[in-house]
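Novice: What follows is a structure written as structure tokens; I'll ask about it next.
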Amino acid sequence: MRVLVTGGAGFIGSHTVLALLEAGHEPVIGDNFANSSPKVLERLEQIAGQPVTCHEVDLTDVAATDALVADVKPDAVIHFAGYKAVGESVEKPLMYYTNNLDSTFAVLAAMTEHGVEKFVFSSSATVYGPDAPLPYHEEYEPLRATNPYGWTKAMIEQIVTDVAAASPGFKAALLRYFNPIGAHESGLIGEDPSGTPNNLMPYIAQVAVGRREKLGVFGDDYDTKDGTGERDYIHVVDLAAGHVAALDHLDTMSESARAFNLGTGQGTSVFELLHAFERACGKELPYEVGPRRAGDLPVTYADPTRAREELGWKAEKTIDDMCVDTWRWQSANPNGFGG
Ligand code: WQD
């Protein structure tokens, strides 16, 4: 299938482009590089050994997005494009609602106009909110995010569900990511957050490569295995494979829209991840325990049953794989794509 991958130059999008190519699909990227580097395109072509098509486009521009879909004529769309920093979304809610929702409206309108009926959406486990029982299950209601970023994901899930229900033949998979980390085994692409990393793994990696002095551990007094927060980390290559599995499942899916957790079902603590990274990079990494971060939950992890039973997909890679692959990427690219 020819697949329009919006946000395909980003961390998860770029890894999914590779997985699509390996599966014999024809990915076409649509990205404005707001949160990614054009350099990733040459890296993708280096890994894939073939050209990768990318259209630079502002997906909040309705006419430009319609023209893109009319030009590409995709069989399906995988929609990654969107802002995704929780803290920034609290400071700039209107920017997040406008960008994430307007781009989705434009993509869905273009799909409807041009008869594109397969949609895979990049959602997030943040839609479960603070009250959902563990492990998180897709049937849980009500979805209740705790920040504007998470609310955009919950709102878009509802929008897509309603559009799919009203459009005979339209099928949508809503993929709820847990904590994506790791990098392609080539070390040529990986996570490259701009500015100070909000997330744990890129921060640890930047300490290891000498860009940051030490890791700040956000609290060690949680009721968890070692007092630090536990998360369901999933290798980005496993996550990418989950997108291909979901895409291939749409034709046989009886529901018009359906959510799937993409996680491992295992929780890993901050200290466990830190020590795994020390094994990967072969050195002790400095850290300092500080106060909890506002809004953090003690533990989150997935019930991955539905994806296994319905998509025939499960995460295979270990925490050590995630650390080894991240270190290969970060040590070869200390400044990410910035060179
Ligand atoms: C993980 C753990 C922190 C940084 C975020 C987004 C979520 C999703 C995944 C998009 C927690 C601790 C972190 C640090 C630390 N992204 N930590 N020191 O918060 O689970 O989820 O990424 O969908 O939307 O919110 O991930 O990596 O920020 O934190 O101690 O410098 O590491 O307290 O326990 P989180 P995270």
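The values are calculated or read from the model by the stated rules, or taken from the named source; none is laboratory data. If you're wondering where the values come from, they're calculated on a predicted model, not measured in any experiment. All Cβ positions, glycine included, derive from the backbone under ideal geometry; neighbour counts span all protein chains shown. All accessible areas refer to the heavy atoms of the entire protein, side chains included, with ligands and DNA or RNA removed. Shrake-Rupley method; radii C 1.70, N 1.55, O 1.52, S 1.80 Å.
Novice: Can you give me the number of residues within the range 151-170 that are crowded, with 23+ Cβ neighbours inside 10 Å and in contact with a Ser or Thr (Cβ under 7 Å, 6 or more places away or on another chain)?
Specialist: So the answer is 2.
Novice: Since Gly336 meets every condition but one in (1) closer than 27 Å to Tyr140 by Cα; (2) open to solvent by less than 20 Å² (accessible area, probe 1.4 Å); (3) touching an Asp or Glu at 6+ places or on another chain (Cβ under 6 Å), which condition does it not meet?
Specialist: Checking Gly336 against (1) closer than 27 Å to Tyr140 by Cα; (2) open to solvent by less than 20 Å² (accessible area, probe 1.4 Å); (3) touching an Asp or Glu at 6+ places or on another chain (Cβ under 6 Å), the one that fails is (1).
Novice: A follow-up question, please. Go over the candidates Lys92, Lys84 one by one and state the one that is open to solvent by 10 Å² or more (accessible area, probe 1.4 Å), within 16 Å of the ligand (Cβ to nearest atom) and within 21 Å of Val160 (Cα to Cα).
Specialist: Checking each option against the conditions leaves just Lys84.
Novice: I need the strands (runs of 3 or more DSSP E) fully contained in the range 14-80, keeping only those with at least 1 residues that are in contact (Cβ under 8 Å) with a residue 40 or more places away in the chain and buried (at least 22 other Cβ atoms within 10 Å of the Cβ).
Specialist: 26-31, 76-79
Novice: Under 18 Å from Pro202 (Cβ atoms), over 18 Å from the mean Cα position of the chain (by Cα) and away from the ligand (no atom under 14 Å from the Cβ): does that describe Ala280?
Specialist: yes
Novice: Go through the range 245-274 and give me each residue that's within 16 Å of the ligand (Cβ to nearest atom) and closer than 17 Å to Arg308 by Cα.
Specialist: Correct list: Ala259, Phe260, Asn261, Leu262, Gly263, Thr264, Gly265, Gln266.
Novice: Do we find that Val127 is open to solvent by less than 10 Å² (accessible area, probe 1.4 Å), touching a residue at least 12 places away in the same chain (Cβ under 8 Å), closer than 26 Å to Ser256 by Cβ and more than 14 Å from the ligand (Cβ to nearest atom) in this structure? I'd like the intermediate steps shown before the answer.
Specialist: Values: open to solvent by less than 10 Å² (accessible area, probe 1.4 Å): yes; touching a residue at least 12 places away in the same chain (Cβ under 8 Å): yes; closer than 26 Å to Ser256 by Cβ: yes; more than 14 Å from the ligand (Cβ to nearest atom): no.
No, not satisfied.
Novice: Could you tell me whether the range 225-244 includes any residue that is away from the ligand (no atom under 11 Å from the Cβ), small (Gly, Ala, Ser) and within 14 Å of Glu191 (Cα to Cα)?
Specialist: yes
Novice: Exactly one of these conditions fails for Tyr140: (1) within 30 Å of Asp102 (Cα to Cα); (2) open to solvent by less than 10 Å² (accessible area, probe 1.4 Å). Give me its number.
Specialist: All conditions are met except number (2).
Novice: Mind checking which residues of the range 189-214 are within 11 Å of the ligand (Cβ to nearest atom), over 14 Å from Ala85 (Cα atoms) and β-branched (Val, Ile, Thr)?
Specialist: Selection gives Ile204, Val207.
Novice: May I ask you to say which residue of Arg176, Arg144 is at pLDDT below 95 and within 16 Å of the ligand (Cβ to nearest atom)?
Specialist: Arg144
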